[in-house]
Amino acid sequence: MTPPPALKRIHHVAYRCRDAGETVAFYRQALGMDFTTAFAEDHVPSTGAYDPYMHVFLDAGGGNVLAFFELPQQPEMGRDPNTPAWVQHIAFEVDGEADLLSAKARIEAMGFEVLGPTDHGIFRSIYFFDPNGHRLELAWNTGTAEELAELKRVAPLMLEEWSRTKKAPNHAAWLHDKARAAHAAVKQSV
């Protein structure tokens with residue numbers, strides 16, 4: 001068997017949008033992404049099927065590209081009704097707490113509801129939805145090298161236990177205790 005390919009990075013991640021112009025404007029205004037490329041075709045190159053589309057690409061930083069398809073000939077877009085809205089999301093990393101809080105203020109000023117910051121023990125996040133209903137997360141990493149090493153060490157143990165029991169393993173319970181303690185400290189200072 002040949003070895004797997006040597007992956008360099010994610011070339012792009014593509015989602016559907018309701019309106020390509022509105023989507024580009026949102027990501028430029030809310031997150032400062034640069035609009036880099038647009039493709040428009042009447043036929044899908046990979047299948048040859050007639051399905052006119054606009055495909056837009058935005059620079060998400062660090063060589064990461066976020067893309068969207070507007071498909072006017074298809075039924076209105078929806079989401080999986082059997083998956084909770086909080087599950088499927090795109091998470092972007094920010095440099096620090098100031099970036100996280102200023103992004104929250106900016107997005108709220110644009111009229112969007114923002115949840116958080118939420119402390120996950122090794123990162124803090126805010127959550128919001130784009131105009132298409134895609135959930136987005138901005139995350140600021142706060143974990144130490146030791147904490148990340150411990151999480152990597154227990155990951156196979158947790159997965160094995162989960163696979164057997166379908167109940168949350170406690171191998172990383174310290175992570176939630178840390179987040180709860182940080183939340184309590186913030187409440188006391190307010």
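Taken together, the values in this text are just the output of simple stated rules run on the coordinates, not laboratory data. All of these numbers come straight from a predicted model, not from anything done at the bench. A quick note on method: Cβ atoms are made from the backbone with ideal geometry, for glycine too, and the neighbour counts reach across all protein chains shown.
Details
- All strands (runs of 3 or more DSSP E) inside region 107-165 with 1 or more residues being within 27 Å of Asp80 (Cβ to Cβ) and among the β-branched types (Val, Ile, Thr): 115-119, 123-129
- Qualifying positions in region 166-177 - over 20 Å from Asp119 (Cβ atoms) and assigned to a helix (DSSP H, G or I): none
- Residue, surrounded by the fewest Cβ atoms within 10 Å (Cβ to Cβ), within region 65-98, restricted to residues that are within 16 Å of the chain's Cα centre (by Cα) and among the charged types (D, E, K, R): Asp95
- Screening region 1-26 for residues that are β-branched (Val, Ile, Thr) and assigned to a loop (DSSP other than H, G, I, E, B) and picking the one that is surrounded by the fewest Cβ atoms within 10 Å (Cβ to Cβ) gives Thr2.
- With respect to (1) under 22 Å from His120 (Cβ atoms); (2) surrounded by fewer than 17 Cβ atoms within 10 Å (Cβ to Cβ), the lone exception for Ile107 is condition (2).
- If the condition is being part of a helix (DSSP H, G or I) and among the small types (Gly, Ala, Ser), then region 90-106 contributes Ala98, Ser102, Ala103, Ala105.
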